């Protein structure tokens with residue numbers, strides 16, 4: 001039994017030191033998560049989430065094996081209009097009191113060439129989880145002048161249907177588009 005314990009301990013220590021998986025965390029000062037809907041079929045209204053975190057795990061410098069995990073606080077939604085922000089936080093839309101977070105966990109990444117990828121994963125909003133696929137662009141990786149910091153840049157875009165997540169069910173397409181355009185940009189520090 002003692003030998004099994006030593007073997008397991010050695011295995012876990014060896015595994016920890018031989019892992020090449022690198023963690024990248026979003027630089028909040030240089031990252032944004034925004035959305036746009038069409039109002040009354042004639043104009044676009046945009047907003048963003050002020051409080052969100054994204055972690056990337058990757059072994060390869062081109063991020064072709066990367067996995068992404070996002071968490072956004074629904075109460076941090078901001079559309080520049082306080083009354084609209086409060087309505088979006090209400091049970092009519094995100095129901096922030098009962099569903100305080102939006103999460104995305106990637107399940108696959110598929111290279112398309114020219115630093116473009118299809119990023120698929122599970123998005124959870126308002127207690128509903130759906131598979132979505134967005135387009136991800138790796139915009140480059142740079143090292144600081146002193147070589148102490150490495151930063152990677154990404155942009156993400158795509159669409160989803162709010163009705164798939166039971167968001168704004170009382171509001172028809174004529175009032176607020178069902179299609180929501182997502183745009184995210186970020187810098188990630190190794």
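FYI, it's all coordinate maths here, none of it is from the lab. Bear in mind that the values here come from a model prediction, so they are computed numbers and not experimental data. Reconstructed Cβ throughout: ideal geometry from the backbone, glycine too, with neighbour counts over all protein chains shown.
For the chain, the spherically averaged projection of the C-alpha convex hull amounts to 14.8 nm². Taken over the alpha carbons of region 132-190 as equal point scatterers, the Debye sum produces base-10 log I(q)/I(0) values at 0.19, 0.24 Å⁻¹ of -0.74, -0.92. Summary value for the chain: 22 percent relative contact order, contacts being C-alpha pairs under 8 angstrom separated by 6+ residues. Placing pseudo-labels 7 Å out from each Cα toward the beta carbon at residue 57 and residue 90 gives an inter-label distance of 4.1 nm.
Extension gain for residue 64-residue 122 works out to 19.0 nm (0.36 nm per residue, less the C-alpha to C-alpha distance).
Based on the Cβ-Cβ distance from residue 21 to residue 171, what FRET efficiency comes out when R0 is 35 Å, to the nearest 0.05? Calculated transfer efficiency: 0.25. The shape of region 84-162 can be summarised by an equivalent ellipsoid whose semi-axes, obtained from the alpha carbon gyration tensor, come to 31, 18, 11 Å from longest to shortest. Does region 114-154 classify as rounded, prolate or oblate by the C-alpha gyration tensor (a ≥ b ≥ c root eigenvalues; a/c under 1.5 gives rounded; else a/b over b/c gives prolate, otherwise oblate)? Oblate shape, in that a/c is at least 1.5 and b/c is the bigger or equal ratio.
The simple Förster model, with R0 at 45 Å and r as the Cβ-Cβ distance, assigns residue 141 and residue 44 a FRET efficiency of 0.90. Estimated purely from DSSP H runs of n ≥ 4, each contributing -39500 (n - 2.57), the mean residue ellipticity at 222 nm for the chain is -4000 deg cm²/dmol once divided by its residues. Using Cα atoms only, what is the angle between the long axis of helix 2-18 and the major principal axis of the chain, expressed in degrees (0 to 90) to the nearest 10? Taking Cα atoms only, the helix is inclined about 60 degrees. Packing order of peptides 40-47, 170-177, 152-159, highest average first: 152-159, 170-177, 40-47 (average count of other Cβ atoms within 10 Å over each peptide's residues).
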